[in-house]
Each structure stands twice: as C-alpha cells, then as structure tokens.
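Q: If you scroll down you'll find the structure; I have some questions about it.
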Amino acid sequence: MSYQQLECDYFNLYNQFISVDFTISLEKNNQILVKDFVFFYHQILKQRDLNYLFGVRNKIALKVQNYMQKYSITPKNLNLSCLRENKHVEFFEMFYKALGYFVAFRQKLNGEQKIQILISNIDESFGYHFSLENFQNLKHFQESDILTLPERCLNYFHLAMIHLCIMILNPLNLKDYNQHLNKAINYLIDGTFNIYEIILKEYSLLYPKDKNLKNELLKLKELEFKTLMQEISKIKLLNNYKELCREILYNLELEKITQK
C-alpha cells in the first residue's frame, strides 16, 4: 500500500464515520474517534512507516465498524479512486503545529495549575462559583489530560473533513470543488485560532500579572481589527498568535529550569 492509497483509504474510513454522525445528529459525535483520526492523519502527512500506519488504519477501521454496527448503519461503497489534492495540506500543518503547542503547554503545567484551569472552565460553563470541595475527582484531570484536545478544535477538524471527503471522494461528480476546499481551509484556520486562543486564555488565568502578555494581547486586538478591515490577512494574524504562544512556552520552560 502506498501513501496515496493509504490517504484514500483514510478518507473512505472518515466518510463511513460521517455517515453515522449524520444519522445520529441529535447525539454528540464520537469525540474519541475524531481524536484518533486527528492523530492518524498527522502521521500520514509525516509519512511514518507504512507498516505502522497500516496497523493504525486497521485499529481505526475496527472502531468505525463497531460504531456503525452500534447504530445499524449500512457501510457506504468505497471510492477506489480519490482526487489527489495538496492545497489543504499546509493548513493542516498549521493546525497540527497549534495542537503541538497546546499539548506542550499542558505538559508544562503542574497539577494545581491544571485544576485551576478546570475549575475556571466549570465556572464559565455553569455560571456559578465552583470550589474544589464540590467534586473530589478533579485529581484525575491531572493525569488524564496529556493528550486531551480542545473539543471545539475537534469539531473544526471534523467539519473540515466533511468537506474534504465530499471533494476528494467524488472527483468526477463535483461541481463545487473550490467551495468545499475553501470551507475546509476556513474551518482549519478557525480551529487553529481556537487552539491558540485557549493557550492565551489559560496562561492569562495562571499568570494574571504578566504585563508583557497584556501588551502583546492589545497588539493582537489591533491586528484583529485590521483583519476585519481587510488590511492584513488572517494568516498574518495567525502567525502573530503562534509567535506569542511560542514565547509563552519558552517562558514556562525557563521558569521550570529556574525552579530546579
């Protein structure tokens, strides 16, 4: 199996998953399976060893099959020929770069900081003050969140994949090729923004006295306005977000070294 065949197989598997997701649209889609697809596609783009990738493919295929059987969904016909398209790859690379920053950020936090973030998120979600005494299993969050990915970014990835599946698996019947490609790219850009925004929000919560961060955030707000006025591109703004998050990771690593 070549990388091209494997990628075609990947989109066929995702298309099967989508068929379940649309059928049970009133329920929450399988976030764990979406996360599996996120990591798998990253490994395909990095062209990891084909035998290893084929093993990952088989594990995901089994999960998809079980997911379809659970909801009695008939598998879709496989598309043996897929459109070769690379215009979306650079945007996936941006998306994965942001995810790498997010995972690195979370790994640099200690247990107390992670719990502080979780409590803040619960406060925000439910609209009332939450204390540690209300829930004694928060410590589980410290060990379990290393590979946790933000739910909204998984949703953006999922929406991008829907349009890419339509585009790549139906090359002969596709009239709205550019429309689907642009929508997929926009979802990836929005997902990347979302990841960086989470990093900045959580860092601001943990380090409210960081004056440099506040100044940089003000600059970002000015750039956002210029983006709305179409004076600069979203990609330029995104690069500024990335650089600020990179600086945050550097500061956290420096803090970790000085504390030793």
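Q: So what's the back-of-envelope 222 nm ellipticity for the chain, counting only DSSP H runs of four-plus at -39500 (n - 2.57) apiece and dividing by all residues, rounded to 500?
A: After summing the helix terms and dividing by residue count, I get -25000 deg cm²/dmol.
Q: So, one more: Counting only protein heavy atoms and using a 1.4 Å probe, what share of the accessible area of the chain belongs to carbon plus sulfur, as a whole percent?
A: Roughly 52 percent of what the probe reaches on the chain is carbon or sulfur.
Q: Does anyone have the angle between helix 211-228 and the longest principal axis of the chain? Alpha-carbon axes, 0 to 90°, nearest 10?
A: 40 degrees
Q: Mind running the shape call on the stretch 58-103? Use the C-alpha gyration tensor, a ≥ b ≥ c as the square roots of the eigenvalues: rounded below 1.5 for a/c, prolate if a/b tops b/c, oblate otherwise.
A: Cα axes put the stretch 58-103 in the oblate bin.
Q: Among 223, 181, 204, which residue has its Cα positioned farthest towards the positive end of the charge dipole of the chain, with +1 placed on the Cβ of Lys and Arg, -1 on the Cβ of Asp and Glu, and the dipole taken about the Cα centre?
A: So the residue we want is 181.
Q: If I stretch the segment between residue 43 and residue 70 completely, what's the gain in nm (0.36 nm per residue apart, minus their alpha carbon distance), one decimal?
A: Between residue 43 and residue 70, full extension yields an extra 6.9 nm.
Q: Then there's this: Based on alpha-carbon centroids, what's the gap between the stretch 196-218 and the stretch 70-124 in Å, whole number please?
A: Cα centroid to Cα centroid, the span is 22 Å.
Q: So which cysteines of the chain have no other cysteine's Cβ under 4.7 Å from theirs?
A: Taking the Cβ cut-off of 4.7 Å, the unpaired cysteines of the chain are 153, 165, 245.
Q: So, for the chain, what is the accessible surface per residue at a probe of 1.4 Å, expressed in square angstrom?
A: 59 Å²
Q: Choose one answer from 168, 32, 185: the residue with the largest mean-square fluctuation in a GNM of the chain with alpha-carbon springs under 10 Å.
A: In this elastic network of the chain, the residue with the biggest mean-square fluctuation among 168, 32, 185 is 32.
Q: What length, rounded to one decimal in nm, is gained on full extension from residue 121 through to residue 176, with 0.36 nm per residue of separation minus their alpha-carbon distance?
A: 15.9 nm
Q: Taking the Cβ-Cβ separation of residue 4 and residue 239 as r and a Förster radius of 51 Å, what is the calculated FRET efficiency to the nearest 0.05?
A: For residue 4 and residue 239, the calculated efficiency is 0.95.
Q: Could I ask something else about it? For residue 24, enumerate residues with amide H under 5 Å from its amide H, sequence gap 5+ or separate chain, H modeled in the peptide plane.
A: none
Q: Stretch residue 87-residue 210 to full length: gain in nm at 0.36 nm per residue minus the Cα-Cα span?
A: Net length gain for the segment: 40.4 nm.
Q: For residue 226 and residue 23, FRET efficiency with R0 = 51 Å and r from the beta-carbon atoms, rounded to 0.05?
A: The formula returns an efficiency of 0.75 here.
Q: Cα to Cα, under 24 Å, and not fewer than 8 places away if on the same chain: which lysines meet these conditions relative to residue 219?
A: 97, 201, 209, 211, 234, 236, 242
The values are calculated or read from the model by the stated rules, or taken from the named source; none is laboratory data. Keep in mind that this is a model prediction, so the values were computed, not measured. Every residue, glycine as well, gets a Cβ built from its backbone with ideal geometry; the counts of neighbours run over all protein chains shown. Heads up: the accessible areas ignore ligands, DNA and RNA and are worked out on the full protein's heavy atoms, side chains in. Shrake-Rupley method; radii C 1.70, N 1.55, O 1.52, S 1.80 Å.
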